[in-house]
Amino acid sequence: MTSINEELKAAKAAISVLLTAAPKSGISTLRKANHIAILNLSSEGGPLNEARGKVGIALSNLMHGPPTKEKIDQAKGAVEDWINRLGAA
């Protein structure tokens, strides 16, 4: 498990990749964010945990297969929600 600060740092790096570059060029950043989101999933539930799960799914879908506009948009939305939830934590 990583700290909220480290998790937020990874989330911000992922959104930066999704907003400014082709996802395939920032694959290591996206993989790290995906790993951290999944690593921090807990059985407690709640909005932050839900956001982590959505990020795990969206980034996995994006990294496996062609990066379609739909997959990129889903990943952006999931990561933005994750960032918002982390900020509220």
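Every number here is computed from the coordinates shown, using simple stated rules; none is lab data. Only a predicted model underlies this, so the values are computations on that prediction, with no experimental measurement involved. When we count neighbours, we look across all protein chains shown, and the Cβ atoms used for this are built from the backbone with ideal geometry, even at glycine.
Points to keep in mind about this one:
- Full-extension gain in nm, residue 68 to residue 20, via 0.36 nm per residue minus C-alpha separation: 15.7 nm
- Label-to-label distance for residue 84 and residue 6 is 2.7 nm, based on points extended 7 Å past Cα in the beta-carbon direction.
- Furthest towards positive pole of dipole, 43, 20, 1, structure part the chain, Cβ charges: 20
- Nearest 10 degrees, 0 to 90: helix 27-39 Cα axis against the chain principal axis: 30 degrees
- Rg to Rh, two decimals, where the chain supplies the alpha carbon set and Rh follows Kirkwood: 0.94
- Ignoring aspartates and glutamates fewer than eight residues from residue 24 along the same chain, the ones with Cα atoms less than 20 angstrom from its Cα are 70, 73, 80.
- Remark on the stretch 1-49: Rg and Dmax equal 11.5, 34 Å (Cα only).
- Sequence of 42, 16, 60 once ranked by neighbouring C-beta atoms within 10 Å, starting from the fewest: 42, 16, 60
- Given charges at beta-carbon only (K, R positive; D, E negative), |dipole| of the stretch 4-88 in Debye: 300 debye
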